[in-house]
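Engineer: What follows is a single structure, and I will ask about it in a moment.
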Amino acid sequence: MAHRVDWVRGSVLLILLILGAASAALTQHWLPPAALAVLACAFMMLRHLRSKAPRSLELIDCDEIIGHPQTTSERVAELERRSEIYWQAARRFEELFSGLPIACFTTDAKGTIYEWNRESEKLWGYPASEVFEQSMFDLLWPEGVSKSVRARLARVFAGRKSDPFEVELKSSRQNRSWVLSSIFPLRDPNGNVVAALCANVDITDRKKWEERLRNSESKFRCLIEHGRDVILTLELDGKITYASPSVKSVLDWEPSDLEGKNVHEYLRKSADADIETLFQNARIDATNLPPTRLAFLHQDGLYRYLECMPSLHRNELGEMVLILNARDVSDRLRMERALRASEERTRNIIDSALDAVITLDENGQIIGWNSAAHEIFGYTREETLGRKLLHLVVPAEERSGHPLDVEALFESQPDFERVRTEIEVLRKDGERFLIELSLSQSVYGDARFCSAFIRDVTERRNARVAIEQLARFPNENPSPTLRFSTDGKVLYANSASSPLLDTWQVSLGDPLPESFRSEIQSCFVEHKMSQMEFEAQGRVYLLDIVPVEGAGYANVYGSEITERKRAETELRIAASEIRQTKENLQRTLESITDGFFAVDKKWRITYINREARRLLDIAEDVQAGDSIQESVAYLRDTPLMRQLKLAFNSGETVRFETYFEESDSWLDVKAYPSGEGLSVYFHDVSDRKHSEQMQAAQLQQIREYSDQLEKQRHELRQANAKLEEANSRLEALATRDGLTGIFNHRAFQDHLERAATSCARSNRPLSLLMIDVDEFKKYNDAFGHPMGDEVLIGVAKILTEHAREVDIVARYGGEEFAVLLPDADETAALTVAERIRSAIEDREWPLRPVTISLGAATTCGTCANAKDLISEADKALYASKANGRNRTSHFRTIQEEAA
């Protein structure tokens, strides 16, 4: 009897202790396997007590329990009170078991189910009434798993330990799910196993994330092994513990060559401070490590520039290590420098171009307006931006079907490449004039733009007349100069034309090859000039074919453009790189797992990816250019839009979480305001509480994508810089003489036409000096062309030094030069001419004295005409030569003497 009393006392104390432990465990929402086993044992002991209580109470020694003499009625009342405590404890424990946060059930040695809690109902989908006294092998486990579970159950009833195991469920809902199961023995007071408790934790989400993690790790491993980026793992003292295989292709080192070495051995001395600063920052703030650029030693002994993205992590030993994700940017840095210069030159060329360059959006509104457009049309840039070019320069009655109706052009010819025509338009003062218009299309993402190149035809016609006039005076020229008859025979060719003649395999009097002969004959038939490019002996020449009306021949003026062609090739490469960068940017935005959209300052969509459409339920008919507040009306008054407006107004990057009612989801949003508008990244974080670890990895991936996007934007800006540099180089080649560096003939003609027009408008004088080096051909014959070139360079330098700052000095052709003197009357022109002539005569030339002959002409007011001014100066020049050379003659003086 004493034994039974001790057993009841011990059981009651054990149960009371277990109830306290169970309450504490339940507040933490998890139960360790050991706690489950103890709770299960206590549960079975309570059931045993409940069935044996009357007998146990009969055998209890009341004096032993109460501990002091009492009346019989008092002892009975005390025993009844304690018995009620036991039953309340038993009921409380049953409630706790049923409410456990994991699925639990009890079974006997045959697998028959007796107890089944609410979590088990949720997990398998069966209510307790359907599983009571059913075999768990037939009902719960798939056929291939039942045998393994049966063996584990037998091991538990044999008194041995059974390890937890993972298994795929057989659910009434037919959903594929996984559980982590543990089987614990339930023993009676004598220690015999009388039942088993099966505890099951739903690990379906974990299995899914593990599968995703394995796939992600596989992809990451593939990227590491086959990627072009170098990945280095460094200890904080600089020791390299890992080098990716890509170091072989980038730096020509084997990974084993670097691993175990100190990174300082491979860095340029100037980079030691940068890496030490990086290590110091890593020790202070591991969450905010800035990108850095290091000069790393290549196997060939030279250094390569690596752009590194550092991050701090713990290795398998728990030690902090620095991971550098590095990319070879040596070539890119060289390209960046060239591209920045190119972009600057492009901007300068566009702004200083002689032709009007106007950029229009797909609605025909002006978004770009250069200085030449201001000069041609009379409108300033501020007056035109945002207005339609069609409405600005075309009368209302002529706008229907007009070539400047860009909006209609995009609708009728969406894929047009170039439109070229001549039309009449209006200046700001209402004057009508004829222009040559060239329209070309460019596309960026979903946005289309149109560039309009406009030239006043009057200037072009005047230039054509000047070229035709020049064609009548062939002379010695360091550039190829040839003359052909109408049937394509060579009538004349200077010494500089020998590469062309050798390539054609012809000499004087021989007919040209058929392809070039047909080009000459077409110029005679069409009565117009022609241009063509021709390659000879590794050089590229631009040939101007000028038919001389009534003379029966055509003059061909060639200029070497090898450098210009090379610059054009570089320009095409830069443009190709820009297009590739844009395509990479779009592919990146479409491939990221985050939603992304960007808006301009007026909240018009500039880009939106597929994931953003899905998360925000935006229809496919909402496209770039649409207002996001008008096209997606349900976004207008949402917390999302209110937060975005706050970010836009403050100009600061913000991150916030918001509930989006349309898709019943929570979004993690990051907004980046800029001068162009707002860029927004977001993703669904509704399941974050169930996947904290995986979500952290995804957020890291988003940050990497954001960094990649910023890098590509930076690369795009650098590519634009290259483009401007190449364009600036082209401008210099087009307007400067290759030998002397002063303006060439074409640039001189442009300046002369503008000066004549300005003179006519302002009624101010304009003078022109035509200059010829005396006996230059004899000088060349005596001392050779290289020494002749030195004379031309020296003459050009003296002309530049002794002309006025406002004067235009140009090489007219061969040994002829021209000086254009705005606002200079006859007296001023003769003063400048004499100063130049004396300076050249007084200079000590190395081989023999050099002199020049000058012809001057002056015009004024409405009679100013470029063609007449050249003719008069030319006649005065011939008079100077006829009168003994080394002198200056003015056309007015010649006329007076002739009279």
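Engineer: Quick one: how many Å² of Ser412 are accessible to a 1.4 Å probe, rounded to 10?
Structural biologist: For Ser412, the solvent-accessible surface is approximately 80 Å².
Engineer: Return the carbon/sulfur percentage of the accessible area of region 500-565, one whole number, probe 1.4 Å, all protein chains in place. Let's see the in-between values first.
Structural biologist: On the way: 1570 of 3370 Å².
Here carbon and sulfur together make up 47 percent of the probe-accessible area.
Engineer: Contact order normalised by length for region 305-421, with contacts defined as Cα pairs under 8 Å and 6 or more residues apart; what percent is it?
Structural biologist: Values: 121 pairs, mean separation 16.9, N = 117.
Relative contact order for region 305-421 comes out at 14 percent.
Engineer: Based on a Kirkwood Rh over C-alpha pairs, give the Stokes-Einstein translational diffusion coefficient of region 736-898 at 37 °C and viscosity 0.692 mPa s in µm²/s.
Structural biologist: Values: Rh = 15.7 Å.
Stokes-Einstein gives a translational diffusion coefficient of 209 µm²/s.
Engineer: So, one more: Sorted from largest to smallest, which semi-axis lengths in Å does the alpha carbon gyration tensor of region 572-689 give for its equivalent ellipsoid, taking the root of 5 times each eigenvalue? Don't skip to the answer; put the middle values down first.
Structural biologist: Values: eigenvalues 123, 55, 43 Å².
Sorted largest first and rounded, they come to 25, 17, 15 Å.
Engineer: Show which lysines lie in cross-link reach of Lys778 when reach means a straight Cα distance below 17 angstrom and same-chain residues fewer than eight apart are skipped.
Structural biologist: Lys881
Engineer: What spacing in nm lies between the two simple spin-label points modelled at Tyr492 and Arg427, each 7 Å away from Cα in the Cβ direction?
Structural biologist: 3.9
Engineer: For Met532, list long-range residues whose amide hydrogen, built 1.01 Å from N in the peptide plane, is under 5 Å from its own amide hydrogen.
Structural biologist: Correct list: Leu543, Ile545.
Engineer: Regarding region 785-848, what's the average projected area of the Cα-atom convex hull, expressed in nm²? The partial results should precede the final answer.
Structural biologist: Details: hull surface 18.1 nm².
Average of the hull's projected areas for region 785-848 equals 4.5 nm².
Engineer: For region 520-632, with equal point scatterers placed on the C-alpha atoms only and solvent neglected, what are the log10 I(q)/I(0) values from the Debye formula at q = 0.09, 0.18 1/Å, to two decimals?
Structural biologist: Normalising to I(0) and taking log10 leaves -0.57, -0.95.
Engineer: If you don't mind, another one. Considering only C-alpha atoms, what is the centroid distance from region 780-842 to region 315-364, in Å?
Structural biologist: 43
Engineer: Turning to a different aspect of this structure: Explain nothing, just the number: relative contact order of region 572-689, from Cα pairs under 8 Å at least 6 residues apart, as a whole percent. Walk me through the numbers on the way to the answer.
Structural biologist: Working: 178 pairs, mean separation 27.6, N = 118.
Rounded, it is 23 percent for region 572-689.
Engineer: Students often get this wrong, so check it: of Lys565/Lys867; Lys388/Lys602; Lys722/Lys867; Lys122/Lys147; Lys261/Lys670; Lys601/Lys711, which have C-alpha atoms separated by over 29 Å?
Structural biologist: Working: Lys565/Lys867 32 Å; Lys388/Lys602 18 Å; Lys722/Lys867 39 Å; Lys122/Lys147 25 Å; Lys261/Lys670 41 Å; Lys601/Lys711 23 Å.
The pairs that break the limit, which is 29 Å between Cα atoms, are Lys565/Lys867; Lys722/Lys867; Lys261/Lys670.
Engineer: Another question about this same structure. How big is region 481-558 in terms of Cα radius of gyration and Dmax, in angstroms?
Structural biologist: 11.4, 36
Engineer: So, for region 227-335, what is the accessible surface per residue at a probe of 1.4 Å, expressed in square angstrom? Please report the intermediate quantities before stating the final value.
Structural biologist: Working: 5740 Å² over 109 residues.
Accessible area per residue: 53 Å².
Engineer: Over 20 Å, how big is the tail of the calculated P(r) for region 227-335, in percent of all Cα pairs?
Structural biologist: Numbers: 1926 of 5886 pairs.
Within region 227-335, distances greater than 20 Å cover 33 percent of Cα pairs.
Engineer: Output the direction-averaged projected area (hull surface divided by four) of the convex hull of the alpha-carbon atoms of region 353-456, in nm². The partial results should precede the final answer.
Structural biologist: Numbers: hull surface 24.7 nm².
Projected over every direction and averaged, the Cα hull of region 353-456 covers 6.2 nm².
Engineer: So for region 353-456, averaging the separation of alpha carbon pairs under 8 Å that are six or more residues apart and normalising by length, what relative contact order in percent results? Before the final figure, lay out each step's value.
Structural biologist: Values: 194 pairs, mean separation 31.3, N = 104.
Relative contact order, region 353-456: 30 percent.
Engineer: In Å³ and rounded to a whole number, note down the convex hull volume per residue for the Cα atoms of region 243-284.
Structural biologist: Working: hull volume 3.5 nm³, N = 42.
Once divided by residue count, the hull of region 243-284 is 84 Å³.
Engineer: Tally up the carbon and sulfur contribution to the accessible surface of region 736-898 as a whole percent, 1.4 Å probe, everything protein left in place. Write down the numbers at each step before the final one.
Structural biologist: Details: 3590 of 7420 Å².
On region 736-898, the fraction of accessible area on carbon and sulfur atoms equals 48 percent.
Engineer: Counting only protein heavy atoms and a 1.4 Å probe, tell me what percentage of region 319-390's accessible area is made up of carbon and sulfur. Write down the numbers at each step before the final one.
Structural biologist: Values: 1650 of 3340 Å².
Heavy-atom surface of region 319-390 belonging to carbon and sulfur, 1.4 Å probe: 49 percent.
Engineer: Also, I was wondering about something else. Leaving out ligands, DNA and RNA but keeping every protein chain, what accessible area does Arg614 have, in Å² rounded to the nearest 10, with a 1.4 Å probe?
Structural biologist: Ignoring ligands and nucleic acids, Arg614 comes out at about 150 Å².
Engineer: Give the dimensionless ratio obtained when the Cα radius of gyration of region 101-209 is divided by 2.2 N^0.38 Å.
Structural biologist: Working: Rg = 13.4 Å, N = 109, 2.2 N^0.38 = 13.1 Å.
Normalised by 2.2 N^0.38 Å, the Cα Rg of region 101-209 equals 1.02.
Engineer: How much net charge surrounds Cys860 when only the other residues with a Cβ under 14 Å from the Cβ of Cys860 are counted, with Lys and Arg +1 and Asp and Glu -1?
Structural biologist: -2
Engineer: Still on this structure, I have one more. Aspartates and glutamates near Lys161 by alpha-carbon distance under 17 Å, same-chain residues fewer than 8 away left out - which ones?
Structural biologist: Result set, ordered by chain and number: Asp108.
Engineer: Among Trp141, Trp666, Trp178, what's the order by accessible area (1.4 angstrom probe), most exposed first? Please list the in-between numbers first.
Structural biologist: Working: Trp141 0, Trp666 120, Trp178 60 Å².
Sorted descending by solvent-accessible area, the residues read Trp666, Trp178, Trp141.
Engineer: Express in % the proportion of alpha carbon pairs of region 807-887 at distances exceeding 14 Å. Numbers along the way, then the final one.
Structural biologist: Values: 2179 of 3240 pairs.
Percentage above 14 Å: 67.
The values are calculated or read from the model by the stated rules, or taken from the named source; none is laboratory data. For clarity, every value in this text was computed on a predicted model and none was experimentally measured. Glycine also receives a Cβ, built like all others from the backbone with ideal geometry; neighbour counts cover every protein chain displayed. With ligands, DNA and RNA removed, areas are computed over all heavy atoms of the protein, side chains included. Shrake-Rupley method; radii C 1.70, N 1.55, O 1.52, S 1.80 Å.
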